[in-house]
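The values are calculated or read from the model by the stated rules, or taken from the named source; none is laboratory data. Quick caveat, the model's predicted, so the values are computed rather than measured. Backbone-built Cβ (ideal geometry, glycine too); neighbour counts: all protein chains shown.
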Amino acid sequence: MKELHESDLQIGDILIFENQDFDAMHLWSILRNDKHSWEDNMYSAAFYLLLYLIPWFDPGDEGDDYKNIYHAAIWGNIDPFKGSVRTQLFESKIVQAGTSGIGSAHLYDTMIGHGVKNVYVCRRKEQLTGFFDKITKATRGLHNQTDIQYSYETAWLLAVICSLRYSDGALYEMLKAKLGKTGADLMVTAIQMLINKYNDEHQKEMVACSTLVGMIYKNAGFQLAIEDHKEKKDPEIHMPAALDFRGFDWIPGFKTDTNIPKVNIKETVVTPRQLMESPDVEIIGYFPYKGS
């Protein structure tokens, strides 16, 4: 895969982030932080786990080349100050949803961040007339809304969606046990429809990292097609051998040759991996971690 330079990027490119390997010792250090309350430590630990729950629930088909895909952003031309200063200064930067809402970041600063292992760049295969102008307008339209806050609920919902999408997901298994396979498939479809209907009517309340990218593309008129996996392989999840979470045995395993319910997620509540694997885009290269 080609290693890219910032000059290779185009407006509308989708940036897919791979996290560093899970660090159990770091998680324990968060829980045992004496400088904060137990409740604050629990919130911090939950957020750290959230960055791995989505890739663990949605492991892709890489096999031994398993990747912790956990975050998505878009390369956009925006005013970093969101119109708060008299002279607007437009820059091409990473536009993303984070804990402070929708913001922007320089590429180099991002690539020296400890949590970033690689950033894969996906580009729409067919860039129709007016693509760059429409993507820019849609990106600025969401970026400039200072009242939009990051939705932790949506981020957790993405993990839940992954557990529903696959026939070995814990939630899907629970539904199948009560309703049978046909009933479970029907219930999952109904849940997806309800989520997507709510998203259409409450877009600003549903902003997380990958949903922001999906919203930008949809608002620009270039909604990305999303396909479900036809086959799941058993990934090697990179966790230390000494890891022992006796209270965390609810995380499901991933079996070989998994058959999934036929759920067509075509709206904007999508995971980072679903964006990366959309048939409308192709991976053109990557940026490697630049930190020490």
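Exactly one of (1) surrounded by fewer than 21 Cβ atoms within 10 Å (Cβ to Cβ); (2) in contact with a Pro (Cβ under 7 Å, 6 or more places away or on another chain); (3) not hydroxyl-bearing (Ser, Thr, Tyr) is unmet by ILE16. Its number?
Failing condition for ILE16: (1).
Tally the residues that are under 21 Å from GLN149 (Cα atoms) and under 20 Å from the mean Cα position of the chain (by Cα), restricting the search to the stretch 63-87.
Summing the residues that are under 21 Å from GLN149 (Cα atoms) and under 20 Å from the mean Cα position of the chain (by Cα) in the stretch 63-87 gives 7.
Filter the helices (runs of 4 or more DSSP H) completely within the stretch 83-180 down to those with at least 2 residues that are at pLDDT 90 or above.
Answer list for the stretch 83-180: 107-111, 131-143.
Could you please let me know if LYS67 is within 26 Å of ARG273 (Cβ to Cβ), in a loop (DSSP other than H, G, I, E, B) and charged (D, E, K, R)?
yes
Residue check, TRP75 against (1) in a strand (DSSP E or B); (2) modelled with pLDDT under 80, all met but one. Which one?
Single failed check for TRP75: (2).
Just one of the numbered conditions (1) more than 30 Å from TYR217 (Cα to Cα); (2) at pLDDT below 85; (3) not hydroxyl-bearing (Ser, Thr, Tyr) is not true of PRO55; which one?
So the condition that PRO55 fails would be (1).
So LYS82 ticks every box in (1) surrounded by 19 or more Cβ atoms within 10 Å (Cβ to Cβ); (2) at positive phi but one. Which box is left unticked?
(1)
Here is a yes/no grid of residues against (1) of a type in the set (A, V, I, L, M, F, W, C); (2) more than 26 Å from LEU157 (Cβ to Cβ):
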site: TYR43; (1), (2): no, no
site: ALA46; (1), (2): yes, no
site: LEU49; (1), (2): yes, no
site: LYS82; (1), (2): no, yes
site: ARG86; (1), (2): no, yes
site: HIS106; (1), (2): no, yes
site: VAL116; (1), (2): yes, no
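Which condition does LYS67 not pass, out of (1) within 29 Å of VAL281 (Cα to Cα); (2) at pLDDT below 90; (3) surrounded by fewer than 20 Cβ atoms within 10 Å (Cβ to Cβ); (4) not β-branched (Val, Ile, Thr), if it passes all the others?
Failing condition for LYS67: (3).
For the stretch 88-103, name all the residues that are among the small types (Gly, Ala, Ser), surrounded by fewer than 20 Cβ atoms within 10 Å (Cβ to Cβ) and within 18 Å of the chain's Cα centre (by Cα).
Correct list: GLY98, SER100, GLY101, GLY103.
Residues that are out of contact with any Phe, Trp or Tyr (no Cβ under 8 Å at 6 or more places or on another chain), in contact (Cβ under 8 Å) with a residue 60 or more places away in the chain and under 21 Å from ALA208 (Cα atoms): does the stretch 131-138 have at least one?
Within the stretch 131-138 (the criterion being out of contact with any Phe, Trp or Tyr (no Cβ under 8 Å at 6 or more places or on another chain), in contact (Cβ under 8 Å) with a residue 60 or more places away in the chain and under 21 Å from ALA208 (Cα atoms)), the answer is yes, since at least one residue qualifies.
Name the residue that is surrounded by the most Cβ atoms within 10 Å (Cβ to Cβ), counting only residues in the stretch 272-292 that are in a strand (DSSP E or B) and among the aliphatic types (A, V, I, L, M).
VAL281
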